[in-house]
């Protein structure tokens with residue numbers, strides 16, 4: 001079951017047999033039903049996880065309204081970055097939009113692997129670089145583009161989301177209400 005994670009890590013840098021054994025030893029497989037909480041706001045994120053199968057949404061609550069911050073699917077890593085690295089309670093909720101299977105590793109085990117295996121540091125750095133790259137694209141699209149342009153970006157780069165994500169969540173991700181999203185979709189068709 002961990003094969004996709006091991007293959008992903010190996011695509012970044014070759015793993016020693018000993019490191020693979022350690023990853024297999026420390027990683028745990030967790031299954032979540034649609035709507036279960038992977039993480040609730042106010043809790044410390046103790047696990048870094050990789051989505052083996054499924055789709056999750058991250059969001060926070062502002063003035064009683066859920067504001068979607070990310071959609072993540074097969075192959076993506078997922079955690080509350082602020083909480084995981086600060087070791088403090090975060091304000092992010094992580095919830096599957098479909099039945100989801102995660103490979104997860106506790107923060108303490110990750111730190112042990114970083115200290116023990118130099119190649120695991122390379123993996124951590126590359127994953128962080130990729131995260132920051134995607135984060136910058138998201139910030140640009142969500143803050144500097146018009147809502148219609150943000151929607152077109154999703155249509156072009158992530159069309160599978162349009163079939164898998166309820167429109168009410170897509171609207172909060174784009175920073176518009178559902179009626180505005182409906183008008184944008186009608187205009188583009």
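Values quoted throughout were computed directly from the atomic coordinates according to the rules given, and no laboratory measurement underlies them. In this text the structure is predicted, and so the values were computed from the model without any measurement. Glycine also receives a Cβ, built like all others from the backbone with ideal geometry; neighbour counts cover every protein chain displayed.
List of remarks:
- Residue of 146, 43, 156 that the Gaussian network model of the chain assigns the largest fluctuation, springs spanning Cα pairs under 10 Å: 156
- Between residue 11 and residue 179, the contour length at 0.36 nm per residue exceeds the Cα-Cα span by 56.2 nm.
- Distance from the Cα centroid of segment 82-107 to that of segment 122-185 is 20 Å (rounded to whole angstrom).
- Correct choice for volume of the Cα convex hull per residue in Å³ that was computed from the model, options (i) 150; (ii) 120; (iii) 271: (ii)
- Note on the chain: with a GNM built from Cα contacts shorter than 10 Å, the maximum mean-square fluctuation among 51, 28, 137 falls on 137.
- GNM on the chain, alpha-carbon springs under 10 angstrom: the most fluctuating residue among 64, 124, 42 is 64.
- If R0 is taken as 25 Å, the Cβ-Cβ distance between residue 61 and residue 30 corresponds to a FRET efficiency of 0.55.
- Percent RCO, i.e. relative contact order, over segment 1-150, from Cα pairs under 8 Å lying at least 6 residues apart: 30 percent
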